[in-house]
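Below: one structure, written as structure tokens.
Nothing in this text is a laboratory measurement; each read-out follows from the coordinates by a stated rule. For clarity, every value in this text was computed on a predicted model and none was experimentally measured. We place every Cβ from the backbone using ideal geometry, glycine too, and count neighbours over all the protein chains shown.
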Amino acid sequence: MTVPAVASGGPEGGRARHVAIIMDGNGRWAKKRHLPRAVGHQRGVEAVRKVVRGAEGLGLEVLTLYAFSTENWRRPEEEISDLMGLMKRFILSDLEEMAENNIRLKIIGDYKAFAPDVVELIDNALAHTASNTGTTIAVALNYGSMDEIARAASKAASEGPITPETIAAHLDTADLPPLDLLIRTSGEERLSNFLLWQAAYAELWFTDVLWPDFTAEHLKQAMDAFATRERRYGGR
Ligand code: FPP
């Protein structure tokens, strides 16, 4: 397994190039206020909007967001439908602004399993921003890391020997810089089947802040903390 050729972080004060976030706590945010879960998810989308707007100013190359996991299909139908509706509305309302801000959208995970109207909106958003050169916002949809690794390993096996390099070349993130920093909100401290391979050398940052309360300032705090950490990739 090779370590990233260009490592961020460490005593040289490198800045994080690729940050991923497990956006957790929408339900608890709503419950604390005696509001329906759907309102928590709505406020979660507003947090997404603010953080996406802040990402470019922080010099981020890639922000990867865990929006819908392969396990989220186990949620009640009504909640799944609320989440799909929110994603559709987010694309309709924010695509133009993102495109004007030179943001490139990318999806990781098998989003083609979503309803045809959602897939069409996503395909259109991807095509519309494909040639942009600013921050990449990679949204994980119907994403599960074990599923991703299995898909990548099958493709690698069909072409030749399976090695860490050939698997990595077929991951959904193959065209992205190495993951530097993984953030999880809401006080939970686990990876929940997100970027398991990519997190091998990533720094982890946990906060008790619930996702709807998360702002670009929190993202900056995490990135500042990252810049002070020394990464040794198993060396000394
Ligand atoms: C976790 O909160 C959050 C989710 C499962 C969904 C995340 C989705 C969004 C923030 C909105 C859609 C995203 C985009 C990109 C428009 P939870 O419901 O698990 O909260 P809980 O653990 O407190 O119950």
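The table for this structure:
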| item | result |
| --- | --- |
| Helix runs (DSSP H) in the chain reaching 30 Å along axis by Cα, Kyte-Doolittle at least 1.0 | none |
| Ranked packing of 195-208, 117-130, most packed first, by mean Cβ within 10 Å | 195-208, 117-130 |
| Computed magnitude of the charge dipole of the chain (debye, nearest 20; Cβ of K, R +1, Cβ of D, E -1) | 560 debye |
| Highest-MSF residue in the chain out of SER158, SER145, SER131 [GNM, Cα springs under 10 Å] | SER158 |
| Relative contact order (%) - the chain, alpha-carbon pairs under 8 angstrom, separation at least six | 32 percent |
| Inter-centroid distance (Cα atoms) of the range 52-66 relative to the range 92-163, Å | 16 Å |
| Between the range 199-236 and the range 24-41, the alpha-carbon center distance in angstrom | 25 Å |
| Lys/Arg +1, Asp/Glu -1 at C-beta; the range 122-227 dipole; positive extreme among LEU126, SER192, ALA227 | LEU126 |
| Ordering of 69-77, 214-222 by burial proxy (mean other Cβ atoms within 10 Å per residue, highest first) | 214-222, 69-77 |
| 222 nm mean residue ellipticity, helices alone, for the chain (DSSP H n ≥ 4; -39,500 (n - 2.57); rounded to 500) | -13500 deg cm²/dmol |
